[in-house]
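S.K.: Below are the structure tokens for one structure; questions will follow.
FYI, it's all coordinate maths here, none of it is from the lab. Here the structure is a predicted model, which means the values were calculated and not measured. Neighbour counts are summed over all protein chains in view; Cβ atoms, including those assigned to glycine, are modelled from backbone coordinates with ideal geometry.
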Amino acid sequence: MVDGLIAKSLNEALEALDNKEYQIVAGGTDMLIQNRSHSGMNIDYKKDVLYINLIDELDFIKVDEKNLYIGANTRLETILESKLVPQILRDVVIEMASPGIRHTATLAGNIGNASPAGDSLVVLYLLDCELEIKSLTKTRKVLLKDFITGVRKIALNKNELITKLIIPKINLTDCYFHKVGPRLSDAISKLSFACGYSVENSIIKDLRVAFGAVYVTVVRSREVEGKFIGQSVNDLKANLDDIINAYEPLIKPIDDQRSNRVYRKNVAINLLREFIENIKED
Amino acid sequence: MKDISKSINKVDNEEKISGSAEYIADIKMDGMLYAMTLRSSIVKGEIIKISYPKIPDNYYVIDHKDVQGKNIVKIIYDDMPIFTTKKISYLHEPIALVIGPEKEKIVEILDSIEIKYKEEEPQFEWEDSVVDFHFDKGEGERVFDHADKVISYDYETGYQEQAYIETQGFIGYQDGDKTTLIGSIQCPYYVKNALIQALDSEPENVRVIQSTVGGAFGGKEEFPSLIGCQLAVAVKKIKKPIQLIYEREEDMLVTTKRHPAKIHFDAAIKENKIKGIKAHVGIDGGATIGLSGVVLSRAMLACSGAYTIDNLDITGDVYKTNTVPNGAFRGFGAPQMMFAIEMFVEHIAKDLNIDPLEFRKSILAKQNDHTSTNGVYRDPILMPEMIEKAMKESDYLRKKKAYANPNIFKGIGMSFFFHGCGFTGSGEKKIIKARVRLRKHKNNKAEILIAAVDMGQGVKTTFRKLVANILEIDIENVIFNNPDTDYVPDSGPTVASRTMMIVGGLVARAAKEMKQRWREDEFVVEKQYKQPDYIKYDEENFIGDAYPAYSWGVNVVEVEVSKTTYQVKLVKTWSVYDGGKAIDEKVVLGQADGGLAQGVGYGYLEVMNHKQGKIQQKNMTDYIIPTAKDMPDMETYLYDNPYAFGPYGAKGVGELTLVGGAPAVAKAIENAINKRIYKIPVTPEYIMELINNAKN
Ligand SMILES: Cc1cc2nc3c(=O)[nH]c(=O)nc-3n(C[C@H](O)[C@H](O)[C@H](O)COP(=O)(O)OP(=O)(O)OC[C@H]3O[C@@H](n4cnc5c(N)ncnc54)[C@H](O)[C@@H]3O)c2cc1C
């Protein structure tokens, strides 16, 4: 049998983590499923459990001049309804799960779960999301892309907790998210795609592309993006094949019970092509 | 008299919406134990040895050695053991039940059981034919001798999972010599008869009661007999109440599914007309035969679709493979064939450069035409006006023309189809012999005593309404409790779109007699099925009237296909059905919406496959059925075309509404992408392949 601790404050949670190893559970919409057992039986947790979903101080959405801050405990439904949250992030949230799940699930949970098919990750990578991570004695910041290290692998120490997401305010001419799921609602992505750009005087000032579920982690390459930033819109479009060729080796999807690698790769490239072709001059 | 079609509130609405309806999992009994199933971890071979841990007090292992009667589940074809003796022929085949008061402990016991196997090479190819049928109509194959040319194509359909909300389950208890099961089932008497054989009990010592059923779709036709037998064997031995309920994954991995099918067609063409069709229908039976032969015959009988073809040569095989046994599913073989024949006729027209719609209309079946087995379509067929209606409401011709433009990726498709109502062949007369009873109580209430199950489809509403209407009393004065074999006669299984037409027909006859005698205090009227005299069927040779009546339908589906992601979006559907007289319009419309969603889902969404005998989509996350968001606005029109022997003229509607969905959506996608479609489901992956590689 495992123990459970329902933390009421951040400090209580950090103290507990400092004492022993816990399985952290926020909304539980991944954890309950992954540790399910037969109906009528206890959840099959393998470790003691620290429930953090009642820590109110981690439930907030705030902004300052530079950033948007989303608390680790903020529910997806709250994010969906907040005017402070950029549209592209709300667009991804509305495509996640179903209303019931969204009322309990969190973004920190989607990050902590680190599934290649985690929808919010694609947009959070695109927006250069950073995480604030706390232990009893230390607060650190880490870029999301450095935090997720593999399939269900994150760089979190046993005594640490994600406390907030820090999302820099950026100005893009346009950006969007495209989920390719097997049906229109309540479904796991076959792949997903997010992109954005900004143009000034017909010159590409910023270009961002992220792919989900086509590799062990979200695929975003600043190196490739950098090659094309600074080009004119016309040149960029003329170089479409180069762009595709640059991304092609990074997209390495798998076959599974939901789709196959040929489809995932093809559609990823199609979405990239569609994005580039639709970039507007100004 | 008021029109019986006018809808009333479904009688089970309140208990289901409020949550007070009692499903199997809601029933708790004193001292109740739980059962879980020990299953094989190999696909094919033999058990050499099973090593059990020490089994604690009040825990039990029940296996084939405990079966007092015959270790075979009584289904139509007796080849499924209740528990395997040692031979394993599919993955997760049941070996034993482990039973006890604590689920945690049962799991622990299951985990520590060691089984040594001798493995054998499994068979997944469709080579081992265990049932084969053949019939001819007209000149049969000889018509090919004088054909101008032959057009041939192959079509394929996949698995489909019933995906009922409530998984399989029973509770059983023993009272003296009597074994009682309460279950989520479609066919109380199938279970009862199976138990009598398994327990070697007298009929009066076996009782089966239906609990509220949370969906079935055919999945609770024969499968419950298997687990019912397992549980009953345990209950009779242990003499304590025991609950056996499947978890979702277990249910999806081991219960029967729709048979995957491969259908080959040759058409003899002369002067641009179809002179004859030769077909071979192969279906994958899985590891046991069960109902597969009957499924195959329904598929074969549907081989000319809604059309009349004078010369036929039809063969079919059920193949045995080392995969989960397949079984009953709404439509029962017809959905596979209806997809194939609808595509084939369309493809023939395209090959002949004839407008497919005109071509199809020119060969539609008409009243007095001969069916595929030389029976007769005796009743009027309204297809021409139904098609007209569907086309007008959907603006079919204009859209079809506009969408021919290959750059707009929109499509519209229309399917024509029929469904034979009731059991195939002489099943009703020879096997089922349905009996119904109606009891007049002293307090002027009438009680319906039949074995028909309300699994959500509305039987409780329509039957009470039927009887109330005939007796001219309030529906509140008509009693219809869940069937309990101690009280109701065997009116047959709740399958094959037979319930209203056959059982309802009998109940109506009983009610008419009761009406005559209404002044009497208390009495019972009993009626038994009598086949209309003109219906003659030769089972062996497939000659004659395979069904007493036919329901007809037209589905139109409009879609958009994404050029970027190849995903299909349903835009709207229009359906026209002739299911005879609707006993309650809303109930029929419920069947229409649900049936079409399930039929269209089968056509474009629902992927299920196995890998080395293991089902890959084992939960509702991976097995994709349409949600309310995926289904568009569905318009439905009902045509009233009464059948003389159905109550008020009702025929079958439960399956009819499913069988046309797949060909309609497949044709719509074909229209949108300008590529021929040969298999369902038409997934984005398949569409991509077609767009990138296939010729038009
Ligand atoms: C029906 C259903 C549909 C779904 N649909 C989607 C979908 O469309 N798209 C999608 O991406 N996901 C989907 N999911 C998955 C899930 O809902 C999301 O991943 C959700 O964001 C998880 O959040 P949670 O708070 O419930 O996480 P939990 O289950 O509580 O936790 C998930 C992981 O994150 C860790 N964690 C949580 N909070 C913290 C923290 N503050 N610090 C450190 N670690 C933490 C936990 O330890 C755990 O490892 C679905 C789930 C269900 C059940």
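S.K.: For the stretch B:134-283, what number results from the quotient of the Cα radius of gyration and 2.2 N^0.38 Å?
M.R.: Working: Rg = 23.3 Å, N = 150, 2.2 N^0.38 = 14.8 Å.
Dividing the Cα radius of gyration by 2.2 N^0.38 Å gives 1.58.
S.K.: What distance in nm separates the two pseudo spin-label positions at A:PHE60 and A:LYS20, each 7 Å out from Cα along the beta-carbon direction?
M.R.: In this crude label model, A:PHE60 to A:LYS20 measures out at 3.2 nm.
S.K.: From the backbone phi of the stretch B:532-544, what are the Karplus-calculated ³J(HN,Hα) couplings (6.51 cos²θ - 1.76 cosθ + 1.60, θ = phi - 60°) in whole Hz, Gly and Pro given as x?
M.R.: In residue order, the calculated couplings are x, 4, 6, 7, 10, 9, 9, 4, 4, 9, 6, 10, x Hz.
S.K.: Taking the Cα centre of the protein assembly as shown as the origin and placing charges on Cβ (Lys, Arg +1; Asp, Glu -1), which of A:GLY212, A:CYS195, B:MET343 is farthest toward the positive end of the dipole?
M.R.: B:MET343
S.K.: What spacing in nm lies between the two simple spin-label points modelled at B:ALA628 and B:GLU141, each 7 Å away from Cα in the Cβ direction?
M.R.: It works out to 5.5 nm between the two label points.
S.K.: Connecting C-alpha atoms closer than 10 Å in a GNM of chain A, tell me which of A:LEU76, A:LEU184, A:LEU89 has the biggest fluctuation.
M.R.: A:LEU184
S.K.: Oh, and also: What are the ³J(HN,Hα) couplings of the stretch A:272-282, residue after residue, when phi is run through the Karplus curve with 6.51, -1.76, 1.60 and θ = phi - 60°? Round to Hz, x for glycine and proline.
M.R.: Result, ordered by residue: 4, 4, 4, 4, 5, 5, 9, 5, 9, 4, 8 Hz.
S.K.: Rounded to the nearest 500, what is the 222 nm mean residue ellipticity of chain B from helices alone, with -39500 (n - 2.57) per DSSP H run of 4+ residues and division by all residues? Please list the in-between numbers first.
M.R.: Numbers: 16 runs with 177 residues, N = 696.
After summing the helix terms and dividing by the residues of chain B, the value is -7500 deg cm²/dmol.
S.K.: Now for a separate question. Which links in A:LYS179/A:LYS280; B:LYS49/B:LYS618; B:LYS442/B:LYS527; B:LYS44/B:LYS611 stretch past 24 Å when you go from one Cα to the other? Walk me through the intermediate numbers first.
M.R.: Numbers: A:LYS179/A:LYS280 22 Å; B:LYS49/B:LYS618 29 Å; B:LYS442/B:LYS527 21 Å; B:LYS44/B:LYS611 14 Å.
Pairs exceeding the cut-off: B:LYS49/B:LYS618.
S.K.: Can you check what the Kirkwood hydrodynamic radius comes to for chain B, Cα pairs only, in Å to one decimal? Don't skip to the answer; put the middle values down first.
M.R.: Working: mean 1/r = 0.0383 Å⁻¹.
Computed over Cα pairs of chain B, the Kirkwood hydrodynamic radius comes out at 26.1 Å.
S.K.: What whole-number distance in Å separates the alpha-carbon centres of the stretch A:82-105 and the stretch B:536-563?
M.R.: Each part reduced to its Cα centre gives a spacing of 45 Å.
S.K.: Sticking with this structure for a sec: Among B:VAL233, B:VAL150, rank each residue by its count of other Cβ atoms within 10 Å, from fewest to most, as a rough exposure measure.
M.R.: Numbers: B:VAL233 27, B:VAL150 12.
By the 10 Å Cβ count, ascending, the order reads B:VAL150, B:VAL233.
S.K.: Rounded to the nearest 5, what % of DSSP beta bridges with both residues in chain B are antiparallel?
M.R.: Working: 96 of 124 bridges.
So the antiparallel bridges amount to about 75 percent of the total.
S.K.: Defining a contact as two alpha carbons under 8 Å apart and six or more residues distant in sequence, what relative contact order in percent does the stretch B:157-207 show?
M.R.: Working: 38 pairs, mean separation 15.2, N = 51.
Relative contact order, the stretch B:157-207: 30 percent.
S.K.: Here's something else I'd like to know. What percent does the relative contact order of chain B come to when contacts are Cα pairs within less than 8 Å and at least six residues apart? Don't jump to the answer; show the numbers that get you there.
M.R.: Values: 1707 pairs, mean separation 111.5, N = 696.
Reported as a whole number, the value is 16 percent.
S.K.: Along the principal axes of its C-alpha atoms, what lengths does the stretch B:427-528 span, in descending order and rounded to whole Å?
M.R.: The Cα atoms of the stretch B:427-528 stretch 37, 27, 24 Å along their principal axes.
S.K.: To the nearest 0.05, how large is the calculated FRET efficiency for B:LYS237 and B:LYS695 if R₀ is 60 Å and r is the Cβ-Cβ distance?
M.R.: Numbers: r = 64 Å, r/R0 = 1.06.
Between B:LYS237 and B:LYS695 the formula returns 0.40.
S.K.: With no solvent and one point on each alpha carbon, what is the Debye value of log10 I(q)/I(0) for the stretch A:46-102 at q = 0.19, 0.21, 0.28, 0.30 Å⁻¹?
M.R.: Normalising to I(0) and taking log10 leaves -0.75, -0.86, -1.17, -1.23.
S.K.: Kirkwood hydrodynamic radius (Cα pairs, Å) of the protein assembly as shown? Numbers along the way, then the final one.
M.R.: Working: mean 1/r = 0.0325 Å⁻¹.
Value: 30.8 Å, from the Cα pair sum.
S.K.: Follow-up question, since we're still on this one. Starting from 0.36 nm per residue, how many nanometres of slack lie between B:ASP26 and B:ASP538 once their C-alpha separation is accounted for? Please report the intermediate quantities before stating the final value.
M.R.: Numbers: separation 512, 0.36 × 512 = 184.32 nm, distance 4.68 nm.
Between B:ASP26 and B:ASP538, full extension yields 179.6 nm more.
S.K.: At a 10 Å Cβ-Cβ cut-off, how would you order B:VAL659, B:VAL131, A:VAL216, fewest neighbours first?
M.R.: Numbers: B:VAL659 31, B:VAL131 19, A:VAL216 15.
If I rank by nearby Cβ atoms, fewest first, I get A:VAL216, B:VAL131, B:VAL659.
S.K.: Give the aspartates and glutamates whose C-alpha is closer than 18 Å to that of B:LYS675, dropping any in the same chain fewer than 8 places away, or say none.
M.R.: Output for B:LYS675: B:ASP154, B:GLU156, B:GLU342, B:GLU346, B:ASP351, B:ASP355, B:GLU558, B:GLU560, B:GLU685, B:GLU689.
S.K.: Run down the lysines and flag those whose C-alpha is under 21 Å from the C-alpha of A:LYS83, throwing out any fewer than 8 positions away in its chain.
M.R.: Within the straight-line cut-off, A:LYS83 pairs with A:LYS62, A:LYS66, A:LYS164, A:LYS169.
S.K.: Kindly provide the helix-only [θ] at 222 nm of chain A, computed as the sum of -39,500 (n - 2.57) over DSSP H runs of four or more divided by all residues, to the nearest 500 deg cm²/dmol?
M.R.: -8000 deg cm²/dmol
S.K.: Using a Förster distance of 45 angstrom, determine the FRET efficiency expected from the C-beta separation of B:LYS515 and B:ASP177, and round it to 0.05. Please report the intermediate quantities before stating the final value.
M.R.: On the way: r = 41 Å, r/R0 = 0.90.
In this case the efficiency is close to 0.65.
S.K.: Count the DSSP beta bridges whose two residues both fall in the stretch B:267-359, then state the antiparallel fraction as a percent rounded to the nearest 5. Walk me through the numbers on the way to the answer.
M.R.: Details: 4 of 14 bridges.
About 30 percent, rounded to the nearest 5.
S.K.: Here is a follow-up. Using a basic spin-label model with each label point 7 Å from the Cα along Cα→Cβ, how many nm lie between B:TYR637 and B:LYS614?
M.R.: The answer from the label model is 5.1 nm.
S.K.: Separate question: Provide, for q = 0.12, 0.22 Å⁻¹, the log10 of I(q)/I(0) from a solvent-free Debye sum over equal Cα point scatterers in the stretch B:1-116.
M.R.: Evaluating at q = 0.12, 0.22 Å⁻¹ gives log10 I(q)/I(0) of -0.63, -1.24.
S.K.: What's the percent breakdown of Cα-Cα distances in chain A across 10 Å bins, shortest bin first?
M.R.: Once binned at 10 Å, the Cα pair distances of chain A give 6, 28, 33, 22, 8, 2, 0.
S.K.: Return the tail of the calculated pair distribution for the stretch A:4-168, meaning the percent of Cα-Cα pairs more than 25 Å apart.
M.R.: Working: 3594 of 13530 pairs.
Every Cα pair in the stretch A:4-168 considered, those over 25 Å come to 27 percent.
S.K.: Right, here's the next one. Among the DSSP beta bridges whose two residues both lie in the protein assembly as shown, what percent are antiparallel, rounded to the nearest 5? Mind showing how you got there, number by number?
M.R.: Values: 135 of 169 bridges.
The antiparallel fraction comes to roughly 80 percent.
S.K.: Do you know the relative contact order of chain A, to the nearest whole percent, from alpha carbon pairs under 8 angstrom that are 6+ apart? The partial results should precede the final answer.
M.R.: Details: 554 pairs, mean separation 42.5, N = 282.
Averaging sequence separation for qualifying contacts and normalising by length gives 15 percent for chain A.
S.K.: Suppose R0 equals 45 Å. What FRET efficiency, 1/(1 + (r/R0)^6) with r the Cβ-Cβ distance, do B:LYS86 and A:LYS153 give to the nearest 0.05? Before the final figure, lay out the partial values.
M.R.: On the way: r = 44 Å, r/R0 = 0.98.
That gives a FRET efficiency of 0.55.
S.K.: With +1 assigned to the C-beta of every Lys and Arg and -1 to the C-beta of every Asp and Glu, and no other charges, what is the dipole magnitude of the protein assembly as shown about the Cα centre in debye, to the nearest 20? Spell out each step's value before the answer.
M.R.: Details: 125 positive and 137 negative charges, 95 e Å.
Once rounded to the nearest 20, the dipole reads 460 debye.
S.K.: Step through the table entries B:LYS262/B:LYS361; B:LYS6/B:LYS399; B:LYS28/B:LYS103; B:LYS273/B:LYS350; B:LYS65/B:LYS192; B:LYS178/B:LYS440, compare each Cα-Cα distance with 23 Å, and write down the pairs that go over it. If you can, show how the numbers build up before the last one.
M.R.: On the way: B:LYS262/B:LYS361 26 Å; B:LYS6/B:LYS399 34 Å; B:LYS28/B:LYS103 15 Å; B:LYS273/B:LYS350 12 Å; B:LYS65/B:LYS192 21 Å; B:LYS178/B:LYS440 29 Å.
Listed pairs above 23 Å: B:LYS262/B:LYS361; B:LYS6/B:LYS399; B:LYS178/B:LYS440.
S.K.: Let me ask another. In the calculated pair distance distribution of the stretch A:174-277, what percentage of Cα-Cα distances lie above 18 Å?
M.R.: On the way: 2474 of 5356 pairs.
Distances greater than 18 Å cover 46 percent of the Cα pairs.
S.K.: For the stretch A:204-282 and the stretch B:239-306, what is the separation of their Cα centres, given in Å?
M.R.: 44
S.K.: Also, quick follow-up: Along the charge dipole of the stretch B:479-602, pointing to its positive end and built from +1/-1 on Cβ of Lys, Arg, Asp and Glu, which listed residue (B:VAL503, B:GLY553, B:PHE480) has its Cα farthest out?
M.R.: Highest projection toward the positive end goes to B:GLY553.
S.K.: Quick one, can you get me the convex hull of the C-alpha atoms of the stretch B:62-165 expressed as volume per residue in Å³? Numbers along the way, then the final one.
M.R.: Working: hull volume 23.8 nm³, N = 104.
With only Cα atoms used, the stretch B:62-165 gives 229 Å³ per residue.
S.K.: For the stretch B:152-182 and the stretch B:3-31, what is the separation of their Cα centres, given in Å?
M.R.: The stretch B:152-182 and the stretch B:3-31 have Cα centres spaced 20 Å from each other.
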